[in-house]
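Okay, structure first, notes after.
FYI, it's all coordinate maths here, none of it is from the lab. Bear in mind the structure is a predicted one, so any value in this text is a computation, not a measurement. Because the Cβ atoms are built from the backbone with ideal geometry, glycine has one as well, and the counts that use them run over all protein chains shown.
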């Protein structure tokens with residue numbers, strides 16, 4: 001694994017705000033520009049990409065610390081971390097192959113540049129009021145009075161090309177920036 005720092009942009013916001021949709025729309029735009037893109041997705045729920053009854057599931061259930069699933073099309077490494085211990089963001093990133101842009105969905109309490117997805121109709125408060133690492137707010141209502149005098153830029157949530165431009169411009173050549181803090 002390389003120690004090269006990945007250029008990172010996070011996407012944060014409350015559940016149902018459209019984070020996954022935004023990332024799903026951004027990835028093909030960025031890759032069409034010739035950029036390599038990977039993602040990290042946070043979940044608050046226990047999850048399993050394996051299926052009960054399968055050999056690899058049985059290996060984990062038997063106590064294996066890691067199980068690597070591999071085929072001709074993809075591979076996945078399942079790593080047991082213990083009860084309630086969320087891995088350090090730098091450690092997670094270090095496990096990934098270097099790319100041009102690493103997009104992180106969630107992990108809102110971690111310190112890396114973020115775009116907040118803000119839909120006033122959801123009725124949730126702005127995260128960026130408390131989080132100085134939010135560098136832009138992507139919203140479907142730029143006239144919402146809560147967006148006045150913000151420390152960060154405003155982006156039209158309906159203009160995915162402009163959001164992609166912002167990310168590329170913002171990240172520039174930040175490949176050697178300081179490590180992230182958890």
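For helix 160-171, what angle does its Cα long axis make with the longest principal axis of the chain, in degrees from 0 to 90 and rounded to 10? It works out to around 80 degrees.
Treating r as the C-beta distance of residue 86 and residue 33 and R0 as 30 Å, the FRET efficiency rounds to 0.40.
Among 132-139, 151-158, the peptide with the highest mean count of other Cβ atoms within 10 Å heads the list, and the full ranking is 132-139, 151-158.
Axis of helix 19-32 versus longest Cα principal axis of the chain: the two differ by about 90°, to the nearest ten degrees.
Going by C-beta contacts inside 10 Å, put 129, 85 in order with the fewest on the left. It would help to have the intermediate numbers written out before the result.
Working: 129 12, 85 7.
Least to most surrounded, the residues fall as 85, 129.
Counting only the backbone N, which residues of the stretch 69-85 are under 15 Å from the spot 7 Å out from the Cα of residue 54 toward its beta-carbon? Only 69-79 fall inside the zone, counting backbone N under 15 Å. The structure shown yields semi-axes √(5λ) of the Cα gyration tensor in Å, and of the options (1) 31, 19, 16; (2) 29, 19, 16; (3) 26, 19, 16 that calculated value carries the label (1).
Counted over all Cα-Cα pairs of the stretch 52-126, pairs farther apart than 18 Å make up 62 percent. Here the sum of -39500 (n - 2.57) over DSSP H runs of 4 or more residues, divided by the residues of the chain, equals -6000 deg cm²/dmol at 222 nm, to the nearest 500. The packing ranking, built from the mean of other Cβ atoms within 10 Å per residue, places the peptides 61-73, 160-172 in the order 160-172, 61-73, highest first. Extension gain for residue 94-residue 146 works out to 15.0 nm (0.36 nm per residue, less the C-alpha to C-alpha distance).
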